[in-house]
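After the structure tokens below, expect a handful of questions from me.
Rule-based calculations on the coordinates, nothing more; no lab input. Remember, predicted model here, so these are calculated numbers, not experimental data. Every residue, glycine as well, gets a Cβ built from its backbone with ideal geometry; the counts of neighbours run over all protein chains shown.
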Amino acid sequence: MKNSCLQCGWCCKTIVIQIGYLGFLKFLKNYSNKDKNTIIKHWKLINKSEAIKRNPIIKDWILDGAAYFKCDLLTDNNKCSVHGNAPPVCSGYPLYNCFEGDDPSLMWYNSNCGYKK
């Protein structure tokens, strides 16, 4: 099944914010208080080595200065415990990895992701 969420959890095991932590804080201003509070409460800052250990595919496309998070809403069976009610950035995977005008073929995916091409 292509271009559909399989709820595999790879996108939540390691959340990479390429614009860094300060960029992340600015980014949060675009969200409702409910979504902002969900992100602040459940996204836990992790270091680069833990991020790579949690999702090894990210090591090939990490930018200097990126911020790394894990989400504690991910259950033991890799399902989002609030799927369908998660903040827009969560349901935006993999598109949140791109900027306007980016070549879609450069977007990264875990090989098990339903959004793979």
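Find how much the distance from residue 8 to residue 83 grows on full extension, using 0.36 nm per residue of separation minus their present alpha carbon separation; answer in nm with one decimal. Don't jump to the answer; show the numbers that get you there.
On the way: separation 75, 0.36 × 75 = 27.00 nm, distance 1.16 nm.
Difference between extended and current length: 25.8 nm.
Here is a follow-up. Could you put 76, 35 in order, starting from the residue whose Cβ has the fewest other Cβ atoms within 10 Å?
Numbers: 76 6, 35 17.
By the 10 Å Cβ count, ascending: 76, 35.
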